[in-house]
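Below is one structure, written out as structure tokens; comments come after it.
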Amino acid sequence: MSTPSSGQPGPVEAAGAVVWREHKGTVQVALVHRPRYRDWSWPKGKLDPGESTPQAAAREIAEETGHPVVLGVPLPGLEYVIADGRTKRVHYWAARVGGKRDVAPLRARPTVPRATLDEIDDVRWVSIDDARRELTRPEDRGPLEALVSHLEKGRLHTRALVIARHASARKRSGWDGDEHDRPLTPSGQVQARALVPVLSAFGVRAVITSQWARCAMTIAPYALAADIEPHSSTFLTEADHERSPGRVAAEVRHALERRDDVVLCTHRPVLPTVLDVLGEHSRRSVASSLPISDPFLQPGEVLIAHVTSTSKGPRVVAVETHLPPVE
């Protein structure tokens, strides 16, 4: 936890989700009961040291409900003051229960123990109307109503297209080899490993990467953990992008059209073309939230585009960025 220079303690970060499933033609959501507080709420919990918010959300939900989940669209978070005077910020997503198609991303996660009965003593699947009535705190209805809005607008069933900028690499001036062989630095290798739980949280099942070493090395830890064979693309290299940006655009459009949850790893100079394609397939409000200035993403940072299928083709309905913390 960081402490501002003013000496005031920083906020307590937490993460969770409104976990949903389809049951007998209707959508149900999962509530958990906390005996310590005698309340019904969403599964959530504080970040462990070195965790990203998506990683913490997936872990906490598995601990409290016993269900591995895949995160979907982000939902409005909550912020409030806790007993010791600090501000607590809770980040929420819509999350579906992981199934047979999620074997690869679930393989990349460590086993987590169930919460004790002192922490969570009941988990209940309820209808949306019942959830509105049973939630103890009125403010917890905010994420639920956002989920309902996505459901009504056809934006709840999504897949992820993750755009990753390669992690920190050796400087060109200090590398005697070829440009395509320039590797990650030791800190870049740490960044690459920190991406594993983030990509797993969003259910990534396919890997597309630039052929150049720094991209391949960035995505290798996740491909190994999930037992996925990466697809290496020459079109995503800096050199090929300079020769033919159109081929990069076609690669991104193909990734958008896939039914898989995909990560695409490339280089900073290629990102403007990638983001242009995402903007073309986004709602106006979403397109306006895409990065617009260099460097677009930091080394090792990812942009998650939440994609749904429409009669007019793939549509990006939400985006978010994450730069995994490294210890």
Counting only residues that are free of Cβ contacts under 8 Å to residues at least 60 places away in the same chain and either more than 28 Å from Ser168 (Cβ to Cβ) or surrounded by 14 or more Cβ atoms within 10 Å (Cβ to Cβ) (or both), the range 290-308 contains a total of 2
Out of the range 148-187, which residues are without any contact (Cβ under 8 Å) to a residue 40 or more places away in the chain and hydrophobic (A, V, I, L, M, F, W, C)? Val148, Trp175, Leu184
Search the range 198-231 for residues being touching a helix residue (DSSP H, G or I) at 6+ places or on another chain (Cβ under 8 Å) and without any contact (Cβ under 8 Å) to a residue 24 or more places away in the chain, and hand back the single one that is surrounded by the fewest Cβ atoms within 10 Å (Cβ to Cβ). Glu229
Anything in the range 141-183 that is more than 14 Å from Val73 (Cβ to Cβ) and assigned to a helix (DSSP H, G or I)? List them, or say none. Arg141, Gly142, Arg172, Ser173, Gly174, Glu179, His180, Asp181
Listed by range, strands (runs of 3 or more DSSP E) wholly within the range 42-140 having at least 2 residues that are touching a residue at least 40 places away in the same chain (Cβ under 8 Å) and surrounded by fewer than 19 Cβ atoms within 10 Å (Cβ to Cβ) are 69-81, 87-97, 122-127
Among Val248, Val286, Val277, which is the only one that is in contact with a Ser or Thr (Cβ under 6 Å, 6 or more places away or on another chain), free of Cβ contacts under 8 Å to residues at least 40 places away in the same chain and surrounded by 15 or more Cβ atoms within 10 Å (Cβ to Cβ)? Val248
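We did not get these values from a lab; they are worked out from the coordinates using the rules stated. Nothing here was measured: the structure is a model prediction, and the numbers come from that model. Cβ atoms come from the backbone with ideal geometry, glycine included; neighbour counts cover every protein chain shown.
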